Amino acid sequence: MQRDGVNKRFAHCMDMLAKSPLFAGVSREDLPHVLVLMRARCHSFAKGEVLQGFGEPFRYVGILMSGEVEGSFDSERFDRINVNRFTAGQMYGAAFACARVPESPIELVALRSTEVVLLDVGVLGTGGQPDALEAVLLRNLLGIVSTQSVFLNRKVRILGQHSLRDRIVVYLGGLTADTDGWVTVLLSQTALAQFIGGNRSAVSREMGRMVDEGVLERDGNRMRLAGPLERRPRRRLP
């Protein structure tokens, strides 16, 4: 794929791609070369269509040009657990693609009509000493994988809580608060329940109890942990 062909094929994607953290430090002039190097492909998916299925090899990272994608898995009780949601400009699959995971532990589904640019990160640094451009891409990729690792650690901490209330508290505590301590929850009630591994009705009831007890203040999707929370004594390690 020559530069002119790349510019023509990805013309509607260049502005979005240029803003991606993966291409930080890459000039607009070098972007077509990078897309050729990483075997870029552009795909469209209809609502409900699977981008990445369970058990399939995870080979590519995806940068959303439009739409919304949800990553999830099924628990041992066959409850759907939401891992994350991705919208335009965001990238998914960095850690899995770098590790060349042979069987994906998650499923990625388009929540609405979605366009994605797929990139093969496995080609970076495979030709011996990486050139300056590849070095920039590898550094950016390391930062993205590290950020996603921090996110997944938070997710594990949430799911590791025994009570639904503790999961809600940990989730809210991980959001960025304003100067008055209010956070904005961008997830719907259903998506929030899936994210913290709970039932929608149970999450709604528990948050209602927290409001009644003065533990939680709520104004639409704006929330603030307010009252004293029950603290269980930590179990000492043997």
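A few remarks follow.
- Dipole magnitude of the stretch 33-153 about its Cα centre (Cβ charges: Lys, Arg +1; Asp, Glu -1), debye to nearest 20: 180
- Whole-Hz ³J(HN,Hα) from phi, Karplus 6.51 cos²θ - 1.76 cosθ + 1.60, for the stretch 33-44, glycine and proline x: 4, 5, 5, 5, 4, 8, 6, 4, 9, 10, 10, 10
- Relative to the longest principal axis of the Cα atoms of the chain, the long axis of helix 132-159 makes an angle of roughly 20 degrees.
- Net charge, Val69 excluded, C-beta distance under 14 Å - Lys, Arg +1, Asp, Glu -1: -2
- Extension gain from Leu133 to Arg39, taking 0.36 nm per residue of separation minus the Cα-Cα distance: 32.3 nm
- Order by protection proxy (mean Cβ within 10 Å, highest first), peptides 115-123, 10-18: 115-123, 10-18
- Simple spin-label estimate for Asn199 and Ser163 in nanometres, 7 Å along Cα-Cβ: 1.9
- Net charge in the neighbourhood of Val203 (other residues with Cβ under 12 Å of its Cβ; Lys, Arg +1, Asp, Glu -1) is +4.
- Neighbourhood charge, 12 Å Cβ-Cβ cut-off, centred on Arg224 and excluding it, Lys, Arg +1 and Asp, Glu -1: -2
- Rounded to 10°, Cα long-axis angle of helix 200-212 versus longest principal axis of the chain: 50
- Packing-based order for 65-72, 24-31, using average beta carbon neighbours within 10 Å, highest first: 65-72, 24-31
- In this structure the amide hydrogen of Asn84, modeled in the peptide plane, comes within under 5 Å of the amide hydrogens of Gly71, none closer than 5 places in sequence on its chain.
- For a straight C-alpha distance cut-off of 23 angstrom, the lysines reachable from Lys8 (same-chain residues fewer than eight places away being disregarded) are Lys19.
- Computed from point charges on the beta carbon alone (+1 for Lys and Arg, -1 for Asp and Glu), the dipole magnitude for the chain about its Cα centre is near 600 Debye.
- Among 98-105, 53-60, the peptide with the highest mean count of other Cβ atoms within 10 Å heads the list, and the full ranking is 53-60, 98-105.
Coordinate-derived values only; no laboratory data. Quick caveat, the model's predicted, so the values are computed rather than measured. Cβ atoms come from the backbone with ideal geometry, glycine included; neighbour counts cover every protein chain shown.
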